[in-house]
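Below is one structure, written out as structure tokens, with a few remarks after it.
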Amino acid sequence: MNRRLRDVPWAIVMLLPSVALIAVWTVYPLVKAIQKGHLRCDVTGTKCRDAGWGRYWDVFTSAEFQHSLGVSLKLMVLTVPVGLLLGIGLAVLADKHLRGIGIFRTVFSSTVATSVAVASLVWFTLLQPQIGVFADLFSGWFPVVKNPGLLNDANTALPAVALSSIWANLGFTFIIITAALQSVPRDLYESAYVDGAGSVRRFTNVTIPMIAPTLLFVGVVLTTRALQTYGEIALLTGGGPNPEKPTTTIPYLIYGRNSLIHNDLGTKSAAAVLLFLLSLVLALVQFRGLEKRVHYGR
Amino acid sequence: MAADTVRGVRKVGRYALLVVLAVIVLFPIYAVVMQSLKTGPDSLDHPRSLLPVDLTLSTIRAAWDQGDLGRLLLNSVFVSVLVTLGVVVTSLLAAYAFAFLHFPLRGPLFIAFLATMLVPAEVTVVINERTADSLGWINSYQGLIVPSLASTFGVFLVRQVFLQLPGELREAASLDGVGHLRFLWEVAAPLSRPTLGALGLFTFLGTWNAYLWPSQVIRGDRAHETIQIGLERLKNNDISKINLVTGGLVVAALPIFIMLVLFQRQLVRGLTAGAVKG
């Protein structure tokens, strides 16, 4: 048999499980969602008609989607820069040969073990108004912690969700940046030192350029996670407090139990596709904009 | 000597800062663990609830009974173990085809495969829920397990390792008449054990911690709920019994903490696989 074709039967057998599963549970739903996104449905979600590609524009400009888009972007702005800075700060601080530094590294990595549900319920418990630990410890300085509670006040609900996310992501950020710091060749620091660079110059001119690819990666991951925030909202606020709904992120608009579009397949599909495009564009912008300044070479 | 003093002061300052930050990061976990080890009234008596006194397991026991946590843990273990085994097997097979077999369109197919990594679950769940519904898989183990049995990332990761194996290995094996499956099972897979370990650990953690898909495919059926979505029931109880949630949290998080302590190296290796060069 032809050498090029000899392996074909085996290739089919070995690829079939993965290809079939990805086709049914990733490609098909994406294509189908793009298609269903054309549908305009009545309130019950039963009578639908095809409204064409224009339907995407209608959904994008609808009050609900614009609101959730704003919430998701705000959450991104609240979590990504702070998360990155905290990760860098902790990693740099713990990147020294001090006695007992291993304990600190373990502590700073620890939140990687918490799932979305566990982290959210931890903060739900702590932030309970009236009976939570925070209410008793901090209500002297911040009355809002006790009444109505950070999660129940329209101004503080989203920052409180962000706090929970930042904390939950810290372990991941810390572990990755620590690994990056350890891969920076020590002789670079030594030659910078010999050239008379102080610790601040060594940090800005050696450390940051050398770990920039990692920071870019962490930034993209944190951005993606912020845009995909669902479980935190379901468990902490349910999208509320009402009527302002300051925590109804795009995923919660799509999947939330008490979402306005819960039964509207067309709008849900369109919103999901728009969310996909948004994550793609943001990741692309980050790679494009930062790549020029990022140092990949050895 | 002055320089020594400055260095000493700096060192103390650094330790002090590290301790303060460690306390802040650990505080939420500490507070929840302490509350879970108190009786109901004691757990609400702040800040005394934070002191390690009057400890009892009664809250955890009550959460265990009321939340049916044993059942939830069993469901999570069952689902996570099967998904992990499935992902390792499907990734090994597909990675082998992409690394060692010759067939038309291998390159384009691999690129197309990788591209699906860009599609997040948040986009596909809308339709997958309907697919699961039409298959009768709502409130079932199949619904939790089957959609997660293949991983593009896994295929990519294992293929990378396979490509680094010396090509002569495969050639020698085929000269000896060793078939593909035997070569995969007896040579290629054992040689990539560290990567398979990292892939397995990550798949297990990802499945164990999953929230969105289980919350959509399991609709209030306690027999099939995973621990992540089942915990919420404890929250919906009487607000003065909030300490039950803390008991549930400890039960849900403990297995993962233990796992991560045991597999710390694999975790760091896996986390940094795509992130750090060299």
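A short reminder: the numbers here are calculations on the coordinates, not readings from a lab. On a predicted model such as this, the values are computed, not experimentally measured, just so you know. Note that we place each Cβ from the backbone using ideal geometry, even for glycine, and neighbour counts take in every protein chain shown.
Scalar couplings 3J(HN,Hα) for the stretch B:146-154, obtained by applying the Karplus form with A = 6.51, B = -1.76, C = 1.60 to θ = phi - 60°, are 3, x, 9, 6, 10, 9, 4, 4, x Hz; x denotes Gly and Pro. Of B:Thr246, B:Thr39, B:Thr203, the residue with the greatest mean-square motion in the GNM of chain B, using alpha carbon springs below 10 Å, is B:Thr39. Peptides B:111-118, B:186-193, B:211-218 ranked from most to least packed by the mean count of surrounding Cβ atoms within 10 Å: B:211-218, B:186-193, B:111-118.
Relative to one another, the C-alpha centroids of the stretch A:43-102 and the stretch B:1-71 are positioned 30 Å apart.
Taking chain A as a Gaussian network, where each spring joins two C-alpha atoms under 10 Å apart, which residue of A:Asp195, A:Asp50, A:Asp264 fluctuates the most? Of the options given, A:Asp195 has the highest mean-square fluctuation. Name the residues whose placed amide hydrogens come within less than 5 Å of the amide hydrogen of A:Leu39, ignoring near sequence neighbours (fewer than 5 apart) on the same chain. Answer set, sorted by chain and number: A:Ala51.
Highest average first, the peptides B:49-55, B:249-255, A:204-210, A:249-255 ordered by how many other beta carbon atoms sit within 10 Å of their residues are A:249-255, B:249-255, A:204-210, B:49-55. Per-residue shielding of B:147-158, expressed as the average number of other chain Cβ atoms within 10 Å of the residue Cβ, stands at 3. Spatially close Lys pairs in chain A, defined by Cα atoms under 16 Å apart and a spacing of eight or more places or different chains, total 5.
Working ranking of peptides A:57-68, A:119-130 by packing, defined as the average number of other Cβ atoms within 10 Å per residue, highest first, is A:119-130, A:57-68. A convex hull fitted to the Cα coordinates of the protein assembly as shown yields 190 cubic angstrom per residue.
Cα centroid separation, the stretch B:204-253 to the stretch A:165-232: 34 Å. From the square roots a ≥ b ≥ c of the eigenvalues of the alpha-carbon gyration tensor of the stretch A:4-76, which class results: rounded (a/c under 1.5), prolate (a/b over b/c), or oblate? Since a/c reaches 1.5 and a/b is larger than b/c, the shape of the stretch A:4-76 is classed as prolate.
For chain B, the longest principal axis of the alpha carbon atoms and the long axis of helix B:121-134 meet at an angle near 80°.
Within 10 Å of the Cβ of each residue in B:6-18, the mean number of Cβ atoms contributed by other protein chains is 2. Oblate is the label for chain A, because a/c, from the alpha-carbon gyration tensor with a ≥ b ≥ c as root eigenvalues, is 1.5 or above and a/b does not exceed b/c.
Scalar couplings 3J(HN,Hα) for the stretch B:162-168, obtained by applying the Karplus form with A = 6.51, B = -1.76, C = 1.60 to θ = phi - 60°, are 4, 5, 7, 5, x, x, 4 Hz; x denotes Gly and Pro.
Here the protein assembly as shown is assigned +1 on the Cβ of each Lys and Arg and -1 on the Cβ of each Asp and Glu. Its dipole about the Cα centre then comes out at about 1080 debye.
Counts of other chain beta carbons within 10 angstrom of each beta carbon in peptide A:103-112 average 5. For the stretch A:182-272, applying the loop criterion from DSSP together with a ceiling of 13 other beta carbons within 10 Å to the trypsin sites (Lys or Arg not before Pro) yields A:Arg257. Over the residues of the protein assembly as shown, the helix contribution to mean residue ellipticity at 222 nm works out to -21000 deg cm²/dmol, using -39500 (n - 2.57) for each DSSP H run of at least 4.
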